Amino acid sequence: MNLSKVKQAVQTMLKKKQTKPTQVILETTNRCNLNCPFCLVGMQNELQKKHGNTAHELMSREMGTMSMETFDRVRKELKIFGIKKVYLHFQGEPFLNKLTPDFAEQLKSDGMYVGVFTNGQAFTDKMINKIANVEIDLIRFSVDGASEETYGVNRVGGKFSNVLKNMEKVSAAHKGKKTRIEWQFLPLKNNEHEVETARSLAKQISVHFFTKGFRETDPNLTPTNKEYRSKFMKKPCKDIYKQLGFYWNGDVVPCCYDVDGKEVMGNIMNHDLENIWNNSKYNKFRKDVDEYLKQPEKEPDICKTCLRWR
Ligand SMILES: C[S@@+](CC[C@H](N)C(=O)[O-])C[C@H]1O[C@@H](n2cnc3c(N)ncnc32)[C@H](O)[C@@H]1O
Ligand code: SF4
């Protein structure tokens, strides 16, 4: 090999190294206690109620909860692969898995940044104490209303009084700790008038408040105020180099919008994460995403309906 070829090979290697994801989303469970109509999991629960069957075209994979055995394996691989940030949610409600505070504790002891998004309904005092002792980096409550009536329409099955009380307890338990506690409000057509009330309630309980742009899963819910709508980024997508996802059973997927396992790259119980990241399926997926502008016909199906990149 001549010198310029060696240089080229080294550059390619370095580029590959730099573009490896440093953060993951970990699905502690894909089950949920709510039926939010804007969310794919929520829609699924609704179907379960109506038809007694969770299978539908949006999310047909099996329901389950991550075991300690699977987590141990994931944890080991995250360290080897060089992951720095772990979010303990994907689909479903993370605190339905009673092991979630233990997962958080172990990841913090590995020196990871740990965050979690939650609907905030399933907390117990024991769980709150445990999680406060762990002192994770971020707890984000998804609360889409500032009254029982509006909240109940969006977070179907949940009680506003319950989540407000839980936010207050979690905030008090973390007083003086470095954990950031947030109230995320998704403004929709039916709740955008309550944003300012929610903001002032958040202030009263010492929780950081912000609004998140709605990713349009149902046009009937789109807020009237354009400022509250999510803005698209221009394809090709870069997220696939920043983050990857684990399902509760150890399956690895390249994107948070792969809710139904359309692009499972491998399972962590059978392969190292490095092997999965470099396997031919993952390489082809990345190539097809990267070359979208040149060859749009090769775009993977999950990207065609992406709610973030257009
Ligand atoms: C799928 S949930 C899982 C975690 C947890 N169950 C919760 O509700 O926070 C993850 C995040 O996605 C958000 N989400 C769900 N559907 C959305 C949509 N159509 N547009 C924007 N955000 C959405 C939720 O508000 C939540 O913050
Ligand atoms: S609580 Fe979270 S996961 Fe459950 S249906 Fe609502 S948004 Fe989806």
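Please treat every number below as a calculation from the coordinates, not as lab data. Just so it is clear, the model here is predicted, and its values are computed rather than measured. Cβ atoms come from the backbone with ideal geometry, glycine included; neighbour counts cover every protein chain shown.
Ordering of 173-184, 97-108 by packing is 97-108, 173-184, highest average first (other Cβ atoms within 10 Å, averaged per residue).
Each residue, K242 and N129, gets one label point 7 Å from its Cα in the Cβ direction; the gap between the two is 3.9 nm. Counting only DSSP H runs of at least 4 residues, each contributing -39500 (n - 2.57), and dividing by the residue count of the chain, the helix-based mean residue ellipticity at 222 nm comes to -11000 deg cm²/dmol. One quarter of the convex hull surface built on the alpha carbon atoms of region 118-256 amounts to 10.3 nm², the projected area averaged over directions. Using a Gaussian network model of the chain in which every pair of alpha carbons under 10 angstrom is joined by a spring, one finds that among M63, M265, M233 the greatest mean-square fluctuation is at M233. Taken along the Cα-to-beta-carbon direction at a fixed 7 Å, the label points for K212 and R199 span 1.9 nm. Working value for the chain: equivalent-ellipsoid semi-axes of 34, 24, 19 Å, each the square root of 5 times a Cα gyration tensor eigenvalue, largest first. Applying a 4.7 Å Cβ-Cβ cutoff to the chain leaves C32, C237, C255, C256, C303, C306 as cysteine residues with no disulfide-compatible partner. If you take the Cα centroid of region 65-114 and the Cα centroid of region 126-165, the two points sit 21 Å apart. Taking 20 Å as the limit for the C-alpha separation, the pairs K130/K165; K203/K226; K126/K175 exceed it in the case of K203/K226. For region 101-135, the residues whose backbone nitrogen is under 20 Å from a point 7 Å from the Cα of K175, taken along Cα to Cβ, are 124-135. For region 253-299, the Kirkwood hydrodynamic radius comes to 11.5 Å, computed from all pairs of different C-alpha atoms.
Placing pseudo-labels 7 Å out from each Cα toward the beta carbon at T22 and S280 gives an inter-label distance of 3.3 nm. Computed from Cα atoms alone, the Kirkwood hydrodynamic radius reported for region 105-186 is 13.2 Å.
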